[in-house]
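Peer 1: I have a structure I would like to understand better, so I am pasting it below and will then ask my questions one at a time.
The values are calculated or read from the model by the stated rules, or taken from the named source; none is laboratory data. Every value quoted in this text rests on a predicted model; they were computed, and no experiment measured them. Glycine also receives a Cβ, built like all others from the backbone with ideal geometry; neighbour counts cover every protein chain displayed. Each accessible area value is taken on the protein alone, full model and side chains, heavy atoms only, with ligands, DNA and RNA left out. Shrake-Rupley method; radii C 1.70, N 1.55, O 1.52, S 1.80 Å.
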Amino acid sequence: MQQGDLVHIPQDVALHTHPDLNSPFIKTARPLTALVMNHSIKERVVQVYAAGNVRYLAEKNAYQMEDRC
């Protein structure tokens, strides 16, 4: 996963306000499509732009969408 990729985020996933996954969060009410802004492989955290906000989520909850042309 790299900057500019689109990812699928399922329903009921925690979207955090800071890279620290112990920070305040909201849960997704429905599946979302988000734009990857940054991906920390070491910390296993993905920074995304979704629904008008920048949020952070665990790497395991972001599913990269297929490239199709």
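Peer 1: Tell me which residues, restricted to segment 14-57, are modelled with pLDDT of 95 or more, open to solvent by less than 20 Å² (accessible area, probe 1.4 Å) and out of contact with any Phe, Trp or Tyr (no Cβ under 9 Å at 6 or more places or on another chain).
Peer 2: 28
Peer 1: Only residues that are open to solvent by 100 Å² or more (accessible area, probe 1.4 Å) and either among the acidic types (Asp, Glu) or over 11 Å from the mean Cα position of the chain (by Cα) (or both): list them for segment 58-69, please.
Peer 2: Result: 66, 67, 68, 69.
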